[in-house]
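All remarks here apply to the structure that follows.
The values are calculated or read from the model by the stated rules, or taken from the named source; none is laboratory data. Everything numeric in this text was worked out from a predicted model, so none of it was measured. No Cβ is skipped: glycine too gets one built from the backbone with ideal geometry, and neighbour counts run over all protein chains shown.
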Amino acid sequence: MSTVDERSTVEAVSSDNAINSMMEVAASEEVTTVWDRYKTQQPQCKFGTTGVCCRLCHMGPCRITPKASHGICGADADTIVARNLLREIAAGASAHSDHGRMLVKTLKLVAEGKGGSYKITDVKRLHDTAEFFGIETEGRDDLEIAGELANFFMAQFAWSAEPNATLKLAPETRQALWKKLEIEPHGVDSSVVELMHRTHMGVDHDYRHLIKGGLKCSLADGWVGSMIATTVSDILFGTPKPLRSRVNLGVLSEEKVNIIVHGHEPTLSDMLAVASTDEKLLAYAREKGATGINIAGICCTANEVLMRHGMPIAGNFLQQELAILTGAVEMMIVDVQCVMPSLPEVTKCFHTKLISTSEIAQTFNAEQITFEVEHGYQHACDLITKAIDNFAHRNKERVRIPKESMDLVAGFSNETIYHMLGGRFRSTFRPLNDAIIDGRVRGVVGIVGCNNPKVKTDDAHVRLTQELIKNNVLVLQTGCAAIACAKAGLLTPEAAMAQAGDSLREVCEAVGIPPVLHMGSCVDNSRILMAATNVLLEGGLGNDLSDLPVAGAAPEWMSEKAIAIGHYFVASGVYVMLGHPLYIEGSENVHRMLTEEMEGITGGKFAVEPDPIKAAEMIIEHIEKKRDALGINQQRERKLYDMKERRELE
Ligand code: SF4
Ligand code: MSK
């Protein structure tokens, strides 16, 4: 794979032509983009990229070089690299978990009757969740149950003597291993604080002990904070079901008022999706010369409103500046995470209003509103009205919307997959397990994560996905990876079926699921953890998550959240393929521990391969190793197993 600095200036920065054509617009408008700034940052600091720069105390900063093997305090490369990595995990876990906490606050307000227009949308999900955690539902009012569940979830953030209760969602074998390794988190916030404490100057110095601490904090992210975020989103806004929509910059409309929602938290964006169908607002838009109101998303807010309302997606992470450059966006509404501070520089060249809505996130030259749950619908109406008023300021001469847009199908929650596999009468993962056991589906891979200007945008996501489905591997996706593949047409069941291997296609056609399943936003990687858990609990594929023929991949990752995600998958026993390395190459010991020794500790490990075809080969090799260990590669011919035979296979 070529890096941007190796490519000529005329060569495409992306496999997506909408991006490449907008690069020309950026050049003609003399607006700098992420790719321009990436070039001006070259060469990037090797001390930073290898993780050997320490600025944890003010005796430093220190950096490890051939001449200086230790920092001023005596810390060696192993300690420095591990501490830096842990601080990234802590930041990533904080972001997902704070998102989860915000949703729990909303649930609590709804339960107290202070939630304005928010309500319990999925009552079954509320009851199922409450019952799982031992909260009485029989004969109780839904709001009363929601209140108790909100308090229960809120308590998961603080320290408690017991390990986090949501870890019980994991298979018992995994829980037992976490206990043995002493990496069970006892609270999300306390895990993050502990990590920051351990990495303070002069505390934890053994890289092996530090990395175990990192795994513990990452579990607080995946199995606690993110799990809570996904669950509460489903309760409040509805558990996703398959629906059709469209993706890429071409979803922006020349005739309608275009409003982009960007960031991660679904609370306001969900209300904007609802308000955009308000007849009064639509009439107002027509009065102002537009034919309608078009809410489109960027990044994971896009995935949230796509999964539940079928709202179109304008693009993934690296398209946020390009969306404004179309000249057709009346308003961009941002909240938290992955929002570039460069946006005001782009909006000032156009009529686009930039609105920041989170009390913890402000940007110079963006209008700040303080979002209050109780007034969510009114906020949404006010913002849409303001965007409609701004339609008159659109300069039609400067509107350049790329023609690219693509159909997609999204909305594959575990609840939906259960239903689809089991049909109307029985909820089950059995048909998928049977297909894995008899080799028609070789394994399951989660492809997730961001875009990164270091690599050709979307290219690795798309090629890795194509290669895996061609080799009869079912692919689950979230985040910007899912958007990349959607733009390439891989989320249309028809196109994906055409590219899938024969036996995968046969299974997908028989059970009615596409070969690439969009499961949500980056916080919804918790759904992938649960999909793996559901496969294991269905039986016939071993006793622990690490026995399954599965893997994870983040070919174009960039954020600290991706680092936390990678670690919670490794801590859950999963092989994780990265498209480019963590900043750990300055320590052979840390590198070896994460890419080799970890397999003997958690059953999972990291691998790094920039070439998506080679990465696919390595993933398939791993899947085959797991299949061999399960003894299911000896059963090549297709046959139906009875219960006795399934037990024997185990
Ligand atoms: Fe240097 Fe040690 Fe301070 Fe880091 S903690 S900056 S290695 S003296
Ligand atoms: S938005 S974290 S760039 S997936 Fe979730 Fe995309 Fe990565 Fe942000």
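Scanning region 87-97 for residues that are more than 21 Å from residue 46 (Cα to Cα) and surrounded by 20 or more Cβ atoms within 10 Å (Cβ to Cβ) yields a count of 7. The one condition from (1) within 17 Å of residue 167 (Cα to Cα); (2) modelled with pLDDT under 95 that residue 523 does not meet is (2).
Please specify each residue of region 70-111 satisfying the condition of being of a type in the set (Lys, Arg) and free of Cβ contacts under 8 Å to residues at least 60 places away in the same chain. Even if it seems obvious, please write down each step before you answer.
Here is the first cut: in region 70-111, the ones of a type in the set (Lys, Arg) are 83, 87, 101, 105, 108.
Passing the criteria: only 108.
The residues in region 337-377 that are part of a loop (DSSP other than H, G, I, E, B), buried (at least 20 other Cβ atoms within 10 Å of the Cβ) and within 16 Å of ligand 2 (Cβ to nearest atom) can be counted, and the count is 4. For region 444-471, a residue qualifies if it is buried (at least 23 other Cβ atoms within 10 Å of the Cβ) and over 20 Å from the mean Cα position of the chain (by Cα), and exactly one does: 469.
Pick from 79, 49, 65: which is in contact with a Leu (Cβ under 9 Å, 6 or more places away or on another chain), at negative phi and among the polar types (S, T, N, Q)? Outline the logic, then answer.
On the way: 49 fails: in contact with a Leu (Cβ under 9 Å, 6 or more places away or on another chain); 65 fails: in contact with a Leu (Cβ under 9 Å, 6 or more places away or on another chain).
Only one candidate qualifies: 79.
For residue 73, the criteria (1) away from ligand 1 (no atom under 16 Å from the Cβ); (2) over 17 Å from residue 226 (Cβ atoms) hold in every case but one, which is (1). Any chance region 555-564 includes a residue that's within 16 Å of ligand 2 (Cβ to nearest atom) and closer than 27 Å to residue 627 by Cα? Yes, the conditions are met somewhere in region 555-564. Checked against the criterion of being charged (D, E, K, R), in contact with a strand residue (DSSP E or B) (Cβ under 6 Å, 6 or more places away or on another chain) and away from ligand 2 (no atom under 16 Å from the Cβ), the candidates 599, 538, 588 yield just one match: 599. Restricted to region 61-86, and to residues there that are buried (at least 16 other Cβ atoms within 10 Å of the Cβ) and of a type in the set (Val, Ile, Thr), the residue that is nearest to residue 206 (Cα to Cα) is 79.
Which of the residues spanning region 459-498 are of a type in the set (S, T, N, Q), touching a strand residue (DSSP E or B) at 6+ places or on another chain (Cβ under 6 Å) and either in a loop (DSSP other than H, G, I, E, B) or over 13 Å from residue 615 (Cβ atoms) (or both)? Before you say what the answer is, go through the steps one by one.
Taking region 459-498 first, the residues of a type in the set (S, T, N, Q) are 465-466, 471-472, 477-478, 492.
Pick out the ones that are also touching a strand residue (DSSP E or B) at 6+ places or on another chain (Cβ under 6 Å) and you get 465, 477, 492.
Passing the criteria: 477, 492.
Yes/no per residue for (1) touching a residue at least 40 places away in the same chain (Cβ under 8 Å); (2) among the hydroxyl-bearing types (Ser, Thr, Tyr); (3) touching a Phe, Trp or Tyr at 6+ places or on another chain (Cβ under 8 Å):
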{"position": "308", "(1), (2), (3)": "yes, no, yes"}
{"position": "319", "(1), (2), (3)": "yes, no, no"}
{"position": "326", "(1), (2), (3)": "yes, yes, no"}
{"position": "344", "(1), (2), (3)": "no, no, yes"}
{"position": "358", "(1), (2), (3)": "yes, yes, yes"}
{"position": "365", "(1), (2), (3)": "no, no, no"}
{"position": "373", "(1), (2), (3)": "yes, no, yes"}
{"position": "377", "(1), (2), (3)": "yes, yes, no"}
{"position": "397", "(1), (2), (3)": "no, no, no"}
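If only residues of region 38-60 that are surrounded by 13 or more Cβ atoms within 10 Å (Cβ to Cβ) and of a type in the set (A, V, I, L, M, F, W, C) are counted, the one that is farthest from ligand 2 (Cβ to nearest atom) is 57. Any residue at all in region 541-562 that is at positive phi and of a type outside the set (A, V, I, L, M)? Within region 541-562 (the criterion being at positive phi and of a type outside the set (A, V, I, L, M)), the answer is yes, since at least one residue qualifies. Would you check if there is a residue in region 502-521 being part of a helix (DSSP H, G or I), within 16 Å of ligand 2 (Cβ to nearest atom), in contact with a Gly (Cβ under 7 Å, 6 or more places away or on another chain) and in contact (Cβ under 8 Å) with a residue 12 or more places away in the chain? Checked region 502-521: no residue is part of a helix (DSSP H, G or I), within 16 Å of ligand 2 (Cβ to nearest atom), in contact with a Gly (Cβ under 7 Å, 6 or more places away or on another chain) and in contact (Cβ under 8 Å) with a residue 12 or more places away in the chain.
The single condition among (1) closer than 25 Å to residue 599 by Cα; (2) buried (at least 24 other Cβ atoms within 10 Å of the Cβ); (3) more than 16 Å from ligand 1 (Cβ to nearest atom) that residue 235 does not meet is (1). The residue that is surrounded by the fewest Cβ atoms within 10 Å (Cβ to Cβ), counting only those in region 114-140 that are part of a loop (DSSP other than H, G, I, E, B) and among the small types (Gly, Ala, Ser), is 139. Just one of the listed residues (76, 36) is touching a strand residue (DSSP E or B) at 6+ places or on another chain (Cβ under 6 Å) and either closer than 15 Å to residue 454 by Cβ or of a type in the set (Asp, Glu) (or both), and it is 76.
Given the condition assigned to a helix (DSSP H, G or I) and touching a Leu at 6+ places or on another chain (Cβ under 9 Å), answer yes or no: does some residue in region 278-299 qualify? Within region 278-299, none of the residues are assigned to a helix (DSSP H, G or I) and touching a Leu at 6+ places or on another chain (Cβ under 9 Å). Summed over region 281-299, residues that are free of Cβ contacts under 8 Å to residues at least 40 places away in the same chain and closer than 30 Å to residue 336 by Cβ total 5.
For region 552-650, which fully contained helices (runs of 4 or more DSSP H) count at least 1 residues that are of a type in the set (A, V, I, L, M) and at pLDDT 95 or above? Output list reads 560-571, 588-592, 598-601, 612-630. For region 47-70, state whether one or more residues are away from ligand 1 (no atom under 16 Å from the Cβ) and under 28 Å from the mean Cα position of the chain (by Cα). Yes, the conditions are met somewhere in region 47-70. Checking each residue in region 168-192 for being crowded, with 21+ Cβ neighbours inside 10 Å, among the hydrophobic types (A, V, I, L, M, F, W, C) and within 22 Å of the chain's Cα centre (by Cα) picks out 170, 188, 192. Considered as a group, the residues in region 279-310 that are closer than 18 Å to residue 266 by Cβ and of a type in the set (D, E, K, R) include one that is nearest to ligand 1 (Cβ to nearest atom), and that residue is 304.
Among the conditions (1) assigned to a loop (DSSP other than H, G, I, E, B); (2) buried (at least 20 other Cβ atoms within 10 Å of the Cβ); (3) polar (S, T, N, Q), residue 253 misses just one, which is (2). Given the condition part of a loop (DSSP other than H, G, I, E, B), surrounded by fewer than 23 Cβ atoms within 10 Å (Cβ to Cβ) and β-branched (Val, Ile, Thr), answer yes or no: does some residue in region 314-334 qualify? Scanning region 314-334 turns up no residue that is part of a loop (DSSP other than H, G, I, E, B), surrounded by fewer than 23 Cβ atoms within 10 Å (Cβ to Cβ) and β-branched (Val, Ile, Thr). Among the residues making up region 445-498, a single one is among the basic types (Lys, Arg) and in contact with a His (Cβ under 7 Å, 6 or more places away or on another chain): 454. Inspect region 479-498 for any residue being crowded, with 24+ Cβ neighbours inside 10 Å, more than 21 Å from residue 298 (Cα to Cα) and not assigned by TED's automatic domain parsing to the domain that holds residue 99 and give the result as yes or no. So far as region 479-498 goes, yes, one or more of its residues are crowded, with 24+ Cβ neighbours inside 10 Å, more than 21 Å from residue 298 (Cα to Cα) and not assigned by TED's automatic domain parsing to the domain that holds residue 99.
Look through 8, 21 and report the one residue that is modelled with pLDDT of 95 or more and away from ligand 2 (no atom under 16 Å from the Cβ).
On the way: 8 fails: modelled with pLDDT of 95 or more.
Sole residue among the options that is modelled with pLDDT of 95 or more and away from ligand 2 (no atom under 16 Å from the Cβ): 21.
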